[in-house]
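K.L.:
Input: one structure, supplied below.
The values are calculated or read from the model by the stated rules, or taken from the named source; none is laboratory data. Since the model is a prediction, treat every value here as computed from it, not as a measurement. Using ideal geometry, Cβ is built from the backbone for each residue, glycine included, and neighbour counts are taken over all protein chains shown.
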Amino acid sequence: MSIASSAAVTSTRKRAVNLTLNEGLVAQAKTYTSNLSATMEELLATYVVQQQQARLTRQQQAATAVSDWNALHASVGSFADEHSTL
């Protein structure tokens, strides 16, 4: 997680939430951290950033595909153009 997003996460207001988690997994996690809430918040913030980046990548790929298709259509035309009855 970047410093900017880390600062944004720590500077925002917090509230209690209820989660349903595997009891054994929580017990194991507690052996690795003394602050499970902070650890979960950090992991969740990282997940959100990854999902935002993945969405942006998909949008860029779609825009590239549309641009490439439009360029192909402009240079070659469409197969249907030869058979149109309009």
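K.L.:
Do any residues in segment 1-27 that are under 20 Å from T46 (Cα atoms) have Cβ atoms under 7 Å from those of residues that are modelled with pLDDT of 90 or more and not β-branched (V, I, T), where the two are at least six apart or on different chains, and which pairs are they?
P.N.:
Going by the 7 Å Cβ cut-off, the qualifying pairs are M1/E42; M1/A45; S5/A45; V9/E41; V9/A45.
K.L.:
So, in segment 36-47, how many residues would count as being exposed (fewer than 13 other Cβ atoms within 10 Å of the Cβ) and either aliphatic (A, V, I, L, M) or on the phi > 0 side of the Ramachandran plot (or both)?
P.N.:
The qualifying residues number 3.
K.L.:
Taking helices (runs of 4 or more DSSP H) that do not extend beyond segment 3-86, which have at least 1 residues that are at pLDDT 95 or above and β-branched (V, I, T)?
P.N.:
Here the list reads 23-30, 36-76.
K.L.:
How many of the residues making up segment 48-84 are under 30 Å from V17 (Cα atoms) and either touching a residue at least 24 places away in the same chain (Cβ under 8 Å) or surrounded by 11 or more Cβ atoms within 10 Å (Cβ to Cβ) (or both)?
P.N.:
Of the residues in that region, 4 qualify.
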